[in-house]
Amino acid sequence: MKRKSSALSRIYTAVIMAFLYMPILVLIVLSFNQNKSRGAWTGFTFDWYRKLFTNRLILGAFVNTMIVALVSSVAATLIGTAAALGIHTMNKWMKKAVRMLTYIPIMSPEIIMGVSLMLLFVFVRTELGVPLELGLLTLILSHITFNIPYVIFNVLPKLRQMDSYAYDAALDLGCNPWQAFYKVILPEIMPGITAGFLMAVTYSLDDFVISYFTAGPTSQTLPLAIWGQLRRRVSPEMNALSTIIFVVVLVLLLVSNLSSMRRERRGRKAVRL
Amino acid sequence: MKLHTRLASVPYLLWVVVFTIIPLLLIIVFAFTGTDGGFTIENISAVGRYTDVIMKSIWLAAIATGVSLFLGYPLAYIISRHSARQQNVSLMLIMLPMWMSFLLRTFAWMTLLEKTGVINRLLGLAGLGPFELINTSGAVVLGMVYNYLPFMILPLHSVMVKIDASVIEAAQDLGASPLRVFFKVVLPLSMPGISSGITMVFVPAVSTFIISRMLGGGSNLMIGDLIDMQFLGNAYNPHLGSAISLVLMVIILLCMSIMNQFDDDVDVEGVLR
Amino acid sequence: MKDVLIDLRDLVVEYDGERVLNGLSLQIRDKEFVTFLGPSGCGKTTTLRIIGGFIEPVSGDVFFDGKRINSLPPYKRAVNTVFQRYALFPHLNVYENVAFGLKVKRLPEKEVHSRVEEMLEMVGLRGYERRGVAQLSGGQQQRVAIARALVNTPRVLLLDEPLGALDLKLRKEMQTELKRYQQQMEITFIYVTHDQEEALTMSDRVIVMRDGEIQQEGTPQDIYNEPINAFVADFIGESNIIDGVMLHDFLVEFAGVRFDCVDKGFGEMQLVDVVVRPEDIRVVSPGEGKLTGVVESVIFKGVHYEIMVDAHGYHWKIHSTLPQEVGSFIGMTVAPGDIQIMHRMEAGE
């Protein structure tokens, strides 16, 4: 498969990559710019980072974001993993129906998900009289809703890859059904569960649209706070925040990739032995 | 035993009913009822007033989808012909910007496009401009392409990588010119990727309100803005908002069913991973 | 029957309304090597899974050592299984796979260790303890699967087509190995296969199955030499199966020729199936034998030649150590003792 790529395709790739990264690079550079208006470079400073870390609004929103992301991802992982186990044993027809249902939150536009959940919460409060105010709880419920499918679609393939007799083998060797589950099935689908959980966390951290409709005025998440700041237009602190997020993500990706590469290499070495 | 595990999906199924199906049904109910709770088609007919906004949304999203396909297709092909290792690196580079907040990425373009922004400053150094870059339809399309281009490249790549190099070589061997190879082999084989790429760009593009708000100014309203105004804006009228949402859902279902003609199984799972 | 260990009575199993087992009854003795043989879908694996405890019959009873165990779950049975494609646990290494059952039973670490090592010694995998199972060859994985089951000292070992994924040479090797393990461990082996050669080499007793019913049971010799019907004859080894008429006791007519035979009790003018093994047809000069035909093809098979002959409206398969000229006329004879007469199978069966 390996081929020399032509100069033309190299240039093309470089241009697209430049398009994708230029705005981010500009933000990073401007986050160290003294000048408050964005266009001109007037000198290096860490001021915006300092201001960011003393911004109560942003810090509070950060805490909320972490709470919502973790609680909703854990819940989605539990519900989604159980669901995948159930779906795996369903017959073909039922499987197909449930998969269709699971596609809905992924395929439908976020704004539809957002307003429909908002309608639900409003309906429950006004028509059913349940005192469910828009806030952290409704945020968490909404995030669980859009996170579950990611867990299911990460766990299901692992179940499919599993030897269909592995569970039987565990029973055969003396495990009761519970032992068979946590000694054999769980370790095998764990990579899928972890991937699903991480995906849920990232989607939850990043979600703006659905949170926008379901958060209510009191509980802000980071993306909501960013939106509020951006509307006021003057916010070099946002450049600093963007830079931090970008660097954190970059480091996380590098670490996870390096470790998986090392694991791969170790595996290959073992085979050679 | 089998029955036992199938029960594990019950919590999820209940969750889907309460937090996905009922909310979507509520949109329909709200769309066909007035503030007094009685049945009415007033809301639906009121949507007619916004025909120009709806048409403009579809138009802008369609242009953005076309540009994404035009830009993304060659890149996906170039990447798919590289070694597995290079492919991983390239795909990661394409996905990395997506890990940064959507809002901040769009904000970056504000910084670039503003009247006193980076681009105009640079042009100014060459004695040009300043140009009216931001608050135009072009800026909105640019924002869409920038944000959703990866959604086009990834499904295209996942299909192209499955095209065996020997198939292409066989076509060349049989005397096909490079152009013929492309139109007779590569293009037909990548149809499923094209259709799911189109869906994955068009759906979020047509329903966005962030991009139009941040880069389009007041003069480039889209369907998403209308919905936002009815639910959280000054115009507060969830019944009309639901009616507009319903129209948006119909547009999207139409788009998806047209795309499904080309590919009966949109491979969302493949794209997720 | 003495020493009956497993007693299956009138087992019926249905999947989605379709009968997989149709009133199967069978007794299996202690320390016996029994093989279920049949084409796919004949119910052999289902029977094995009933004994293993993975399937409960709709009706009928399963007795183990005199106790009814119909709904006893697998983890409470003194039975272990070697699964199709082994079902090794990929997240565990060789040692951990073999030790799995003993650790579940919470045996002391020392005993676990010595028993696992002993078992790895027996299957020839000492020194492979820390290997991941994915890094083993098919034959090695197979041995791990056997060791993992046998280390629990079951009364019965169930083997579900265990050699299916191996190549021919390895398969032959493992057949001898398996027989050795069975004699060394002195336990019952119940073996499922669709490969007749495997069944005949290893077993004390072969049970030929079809459509959820037992066709014939007996020693490999019985089954091969005295197949009870055309299905068994066809399934076990190669056969010429010809329509015939039993004229009266000891006289049968087929291919338009009358033959003496050793069978009786079929009644006069009874339609029957006549089975002749390819190696039982003797080639003679044209006109000398009872049958005469034209040689259609000759293929060298290593030990013998496979000769196809067109004679009396049938295509005959002959195994002979001498080749024949294609297109030449030859005569053929069959000794009375080599003609097997069977009741005609009903249409569609």
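The values are calculated or read from the model by the stated rules, or taken from the named source; none is laboratory data. Keep in mind it's a predicted model, so treat the numbers as computed, not measured. Neighbour counts run over all protein chains shown; Cβ positions are idealised from the backbone, glycine included.
When you look at residue B:59, is it within 11 Å of chain A (Cβ to nearest Cβ) and not in a loop (DSSP other than H, G, I, E, B), yes or no? So residue B:59 does not fit the description; no. Only a single criterion out of (1) surrounded by 18 or more Cβ atoms within 10 Å (Cβ to Cβ); (2) in a helix (DSSP H, G or I) is not satisfied by residue B:133, namely (2). Screening region A:154-227 for helices (runs of 4 or more DSSP H) wholly inside it with 2 or more residues that are surrounded by fewer than 18 Cβ atoms within 10 Å (Cβ to Cβ) returns the ranges A:177-180, A:186-206. When every residue of region C:15-28 is checked against the conditions, at least one turns out to be part of a loop (DSSP other than H, G, I, E, B), under 25 Å from residue A:177 (Cα atoms) and in the same structural domain as residue C:179 (by TED's automatic domain parsing).
Of the set (1) more than 30 Å from residue C:48 (Cβ to Cβ); (2) buried (at least 19 other Cβ atoms within 10 Å of the Cβ); (3) at pLDDT 90 or above, all apply to residue C:214 but (1). Taking the listed residues C:249, C:222, the one that is without any contact (Cβ under 8 Å) to a residue 40 or more places away in the chain and in contact with a Lys or Arg (Cβ under 6 Å, 6 or more places away or on another chain) is C:249, with no other qualifying. Of the strands (runs of 3 or more DSSP E) lying entirely inside region C:124-236, the ones with 2 or more residues being farther than 16 Å from residue C:82 by Cα are found at C:205-210, C:213-218.
Could you please find all residues in region B:34-52 being surrounded by fewer than 17 Cβ atoms within 10 Å (Cβ to Cβ) and under 23 Å from the mean Cα position of the chain (by Cα)? B:51, B:52, listed by residue number. Scanning region B:71-127 for residues that are among the charged types (D, E, K, R) and surrounded by fewer than 20 Cβ atoms within 10 Å (Cβ to Cβ) returns B:81, B:85, B:115, B:121. For region C:269-281, the count of residues that are surrounded by fewer than 17 Cβ atoms within 10 Å (Cβ to Cβ) and part of a loop (DSSP other than H, G, I, E, B) is nonzero.
Among the residues of region B:80-126, the ones that are basic (Lys, Arg) and at the interface with chain A (Cβ under 7 Å from one of its Cβ atoms) come to 3 in all.
Give the residues of region C:30-74 that are within 17 Å of the chain's Cα centre (by Cα) and assigned to a strand (DSSP E or B), sorted by residue number. Give the steps one after another, and end with the answer.
Step one: of region C:30-74, the residues within 17 Å of the chain's Cα centre (by Cα) are C:32-49.
Scanning region C:30-74 gives C:33, C:34, C:35, C:36, C:37.
Looking only at region A:241-258, which residues are surrounded by 13 or more Cβ atoms within 10 Å (Cβ to Cβ) and not hydrophobic (A, V, I, L, M, F, W, C)?
Pass one, region A:241-258, residues surrounded by 13 or more Cβ atoms within 10 Å (Cβ to Cβ): A:241-246, A:249-250, A:252-253, A:257.
Hits for region A:241-258 are A:242, A:243, A:257.
Per this entry, residue C:158 is counted among residues that are among the hydrophobic types (A, V, I, L, M, F, W, C), touching a residue at least 12 places away in the same chain (Cβ under 8 Å) and within 12 Å of chain A (Cβ to nearest Cβ). Number of residues in region C:73-87 that are within 15 Å of residue C:6 (Cβ to Cβ) and more than 8 Å from chain A (Cβ to nearest Cβ) equals 2. In region A:127-136, the count of residues that are more than 7 Å from chain B (Cβ to nearest Cβ), under 20 Å from the mean Cα position of the chain (by Cα) and among the aliphatic types (A, V, I, L, M) is one or more.
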